[in-house]
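K.L.:
Sharing a structure here in structure tokens format.
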2 protein chains.
Amino acid sequence: MKTISENRCFGGVQGVYSHHSDACACDMTFGLFLPAEARDGPVPVLWYLSGLTCTHENAMVKAGAQGWAAEQGIALIFPDTSPRGDDVADDEAYDLGQGAGFYVNATQAPWAPHFRMWDYVAEELPQLAFDTFPLERERQAITGHSMGGHGALTLAMNLPDRYRSASAFAPIAHPSASDWGRKQLAAYLGADQASWAPHDATLRMRETGFDRPLLIDQGTDDPFLDLLQPEALAEAMVSARAPGTLRMQKGYDHSYFFVATFMEDHVAFHAEALYA
Amino acid sequence: MKTISENRCFGGVQGVYSHHSDACACDMTFGLFLPAEARDGPVPVLWYLSGLTCTHENAMVKAGAQGWAAEQGIALIFPDTSPRGDDVADDEAYDLGQGAGFYVNATQAPWAPHFRMWDYVAEELPQLAFDTFPLERERQAITGHSMGGHGALTLAMNLPDRYRSASAFAPIAHPSASDWGRKQLAAYLGADQASWAPHDATLRMRETGFDRPLLIDQGTDDPFLDLLQPEALAEAMVSARAPGTLRMQKGYDHSYFFVATFMEDHVAFHAEALYA
């Protein structure tokens, strides 16, 4: 593992690290914020998964999460959104290929050799992070924005014992019924939609419910609402009698200004579960 | 108007008053909590509409609202849920007739002569209250529980300039599709379902959206969930891109223990809108 940078930040350290990933068969870069408390021992960790076109860096510099995490003594991990590199398949569209991994393990050509973001975020990066940094494996939570909200929800729902709480900002809530999803799931997983189902938060919610604390924020003026389809997840959550809070935030759009506005609430929400 | 009782309560006064109602053509009783601030001038007011079988008294003694209202300097009004008296039509069922007015103006026999709860809560009681007590007509908000949640939502949606904010505890969210609604709306309003539509929060939301602050709490263990149908309102709210917060509260049921648990949040939510 290589240290790209480490900066003092809210009394702790914002680091950026790269390493060879076996899952993605390429080098991967991630951001990690460690609060001051990490100098004395392991701290809880909140995963933040980013959206389309993002790297590990966007949320790290624009989501305003470190101050709130410092206040709560919580670490933040910011993984990248896909494998990267000249040898890695890509597409001219912004929403397929590099920067658009959708947090699945691709089974189809040309994506299968590198696009294994599920394994990377669920297995390989946690292993590396817990082996290397003072993080509490038993106290993990997950959040994300847009495609990263999709990732956070589907990871949490498929690994119900892993994360103590889950939240999302404007998640892609029903990808198997959206142009943000159908194209990518077909490309990465193939035409058989049975393989898509675990990667659709609405379908997972309908199928199994979700019993962990859940918080979803969505702006009413988000230009991508027709692609995000939060109404499907809302209906599914309530029909499943699943605990959770859904907030339609008046006037907010899809940007990091929206994410930053409600980050304090999300970090406090996760802190409550992480320290329970 | 006759004073039934007045008790010192959280530094203010919890009163119970009766008066002849022209709308309901009978005597009606209501509760009013005035905070200490009302001694110095008009205060904002939060309407609380109660559920099936309740009178003005249930929430007044069981919802734990006065302490939070006192902290915010807000008055509370607790209307009755129907006309009352030996001359007033009734039904043996707990969910029709006295104690079950559903906040509509009945047009059908035998209900039409007295069951005009819409006019009573929307017009006559406000007129009386604003003429008699130090209340700010320009600062009103509304909440309610179960059938009263239905009343609060439909009053707020049909009178969008009246209430600065609306909330509900386990509201009957889609009465025209529920056994808590179809029977009563048919009895009071007749078979023409066009007359029901204004009295169905889900249909109103679909039709017009709702642009005021909105907060809905629903227990996941509510035994009446299949009658309340909050999933329909959730889907409608998000599809309408309406601002609002919906919380599925894990393990809570339909009782006043549920209402009391979240009353602090609701009063604070309304206070923010009332003092904005």
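The values are calculated or read from the model by the stated rules, or taken from the named source; none is laboratory data. Keep in mind the model is a prediction, meaning the values are calculated, not measured. All Cβ positions, glycine included, derive from the backbone under ideal geometry; neighbour counts span all protein chains shown.
K.L.:
What tally of residues in the range B:82-106 results from selecting those that are outside any strand (DSSP E or B), under 23 Å from B:Ser176 (Cβ atoms) and of a type in the set (Gly, Ala, Ser)?
P.N.:
Residues that pass the stated criteria total 6.
K.L.:
Confirm whether B:Met147 is surrounded by 23 or more Cβ atoms within 10 Å (Cβ to Cβ) and either closer than 21 Å to B:Thr29 by Cβ or among the polar types (S, T, N, Q) (or both).
P.N.:
yes
K.L.:
Given the conditions (1) surrounded by fewer than 24 Cβ atoms within 10 Å (Cβ to Cβ); (2) in a strand (DSSP E or B), which single one is not true for A:Gln127?
P.N.:
Against the list (1) surrounded by fewer than 24 Cβ atoms within 10 Å (Cβ to Cβ); (2) in a strand (DSSP E or B), A:Gln127 comes up short only on (2).
K.L.:
What residue, among those in the range A:243-260 that are more than 7 Å from chain B (Cβ to nearest Cβ) and under 18 Å from the mean Cα position of the chain (by Cα), is nearest to A:Ala232 (Cα to Cα)?
P.N.:
Ranking the qualifying residues of the range A:243-260, first place goes to A:His254.
K.L.:
Also, I was wondering about something else. Under 16 Å from the mean Cα position of the chain (by Cα), without any contact (Cβ under 8 Å) to a residue 40 or more places away in the chain and farther than 14 Å from B:Phe102 by Cα: does that describe B:Leu125?
P.N.:
no
K.L.:
A further question follows. Go through the range A:1-81 and tell me which strands (runs of 3 or more DSSP E), entirely inside it, have 1 or more residues that are of a type in the set (D, E, K, R).
P.N.:
Qualifying strands (runs of 3 or more DSSP E): A:2-9, A:26-34.
K.L.:
Please count how many residues of the range B:257-276 are outside any loop (DSSP other than H, G, I, E, B) and in contact with a Lys or Arg (Cβ under 9 Å, 6 or more places away or on another chain). Walk me through how you get there before you give the answer.
P.N.:
Taking the range B:257-276 and keeping what is outside any loop (DSSP other than H, G, I, E, B), we get B:257-274.
Then drop every residue that is not in contact with a Lys or Arg (Cβ under 9 Å, 6 or more places away or on another chain), which leaves B:257, B:259-260, B:262, B:265, B:270, B:273-274.
The qualifying residues number 8.
K.L.:
Another question about this same structure. Looking at the range B:161-173, can you tell me whether even one residue there is within 10 Å of another protein chain (Cβ to nearest Cβ), closer than 25 Å to B:Leu96 by Cα and in a helix (DSSP H, G or I)?
P.N.:
No, the range B:161-173 contains no residue that is within 10 Å of another protein chain (Cβ to nearest Cβ), closer than 25 Å to B:Leu96 by Cα and in a helix (DSSP H, G or I).
K.L.:
Read through the list (1) surrounded by fewer than 24 Cβ atoms within 10 Å (Cβ to Cβ); (2) farther than 18 Å from A:Gly148 by Cα; (3) facing chain B (nearest Cβ under 8 Å); (4) not charged (D, E, K, R), then give the number of the only condition that A:Ala268 fails.
P.N.:
Against the list (1) surrounded by fewer than 24 Cβ atoms within 10 Å (Cβ to Cβ); (2) farther than 18 Å from A:Gly148 by Cα; (3) facing chain B (nearest Cβ under 8 Å); (4) not charged (D, E, K, R), A:Ala268 comes up short only on (3).
K.L.:
On to the next question. Among the helices (runs of 4 or more DSSP H) confined wholly to the range B:193-256, which include 2 or more residues that are of a type in the set (Asp, Glu)? Before the answer, list the steps.
P.N.:
Numbers: elements: B:201-208, B:225-228, B:230-239.
Because the criterion is at least 2 residues that are of a type in the set (Asp, Glu), the helices (runs of 4 or more DSSP H) in the range B:193-256 that meet it are B:230-239.
K.L.:
I've got another one for you. Scan the range A:244-254 residue by residue and report those that are in contact with a helix residue (DSSP H, G or I) (Cβ under 9 Å, 6 or more places away or on another chain) and either surrounded by fewer than 23 Cβ atoms within 10 Å (Cβ to Cβ) or farther than 17 Å from B:Lys250 by Cβ (or both).
P.N.:
Residues satisfying the conditions are A:Thr245, A:Arg247, A:Met248, A:Gln249, A:Tyr252, A:His254.
K.L.:
A follow-up question, please. Might you check whether a residue that is touching a His at 6+ places or on another chain (Cβ under 9 Å), more than 8 Å from chain B (Cβ to nearest Cβ), surrounded by 23 or more Cβ atoms within 10 Å (Cβ to Cβ) and over 12 Å from A:Ile172 (Cβ atoms) occurs anywhere in the range A:206-229?
P.N.:
Scanning the range A:206-229 turns up at least one residue that is touching a His at 6+ places or on another chain (Cβ under 9 Å), more than 8 Å from chain B (Cβ to nearest Cβ), surrounded by 23 or more Cβ atoms within 10 Å (Cβ to Cβ) and over 12 Å from A:Ile172 (Cβ atoms).
K.L.:
Scan the range A:22-52 for residues that are touching a Ser or Thr at 6+ places or on another chain (Cβ under 8 Å), surrounded by fewer than 20 Cβ atoms within 10 Å (Cβ to Cβ) and not acidic (Asp, Glu) and jot them down.
P.N.:
Across the range A:22-52, the qualifying residue is only A:Thr29.
K.L.:
Inspect the range A:136-143 for any residue being buried (at least 22 other Cβ atoms within 10 Å of the Cβ) and of a type in the set (Gly, Ala, Ser) and give the result as yes or no.
P.N.:
Within the range A:136-143, one or more residues are buried (at least 22 other Cβ atoms within 10 Å of the Cβ) and of a type in the set (Gly, Ala, Ser).
K.L.:
Moving to a separate point now. Can you confirm whether the range B:186-195 contains a residue that is in contact (Cβ under 8 Å) with a residue 24 or more places away in the chain, within 13 Å of chain A (Cβ to nearest Cβ), small (Gly, Ala, Ser) and surrounded by fewer than 19 Cβ atoms within 10 Å (Cβ to Cβ)? Steps first, answer last, please.
P.N.:
At the first step, the residues of the range B:186-195 found to be in contact (Cβ under 8 Å) with a residue 24 or more places away in the chain are B:187-190, B:195.
Within this subset, residues satisfying the condition of being within 13 Å of chain A (Cβ to nearest Cβ) are none.
No, the range B:186-195 contains no residue that is in contact (Cβ under 8 Å) with a residue 24 or more places away in the chain, within 13 Å of chain A (Cβ to nearest Cβ), small (Gly, Ala, Ser) and surrounded by fewer than 19 Cβ atoms within 10 Å (Cβ to Cβ).
K.L.:
Among A:Gly51, A:Gly31, A:Gly64, A:Gly99, which is the only one that is modelled with pLDDT of 95 or more and on the phi > 0 side of the Ramachandran plot? Full working, then the answer.
P.N.:
Values: A:Gly51 fails: on the phi > 0 side of the Ramachandran plot; A:Gly31 fails: on the phi > 0 side of the Ramachandran plot; A:Gly64 fails: modelled with pLDDT of 95 or more.
So the residue among A:Gly51, A:Gly31, A:Gly64, A:Gly99 that is modelled with pLDDT of 95 or more and on the phi > 0 side of the Ramachandran plot is A:Gly99.
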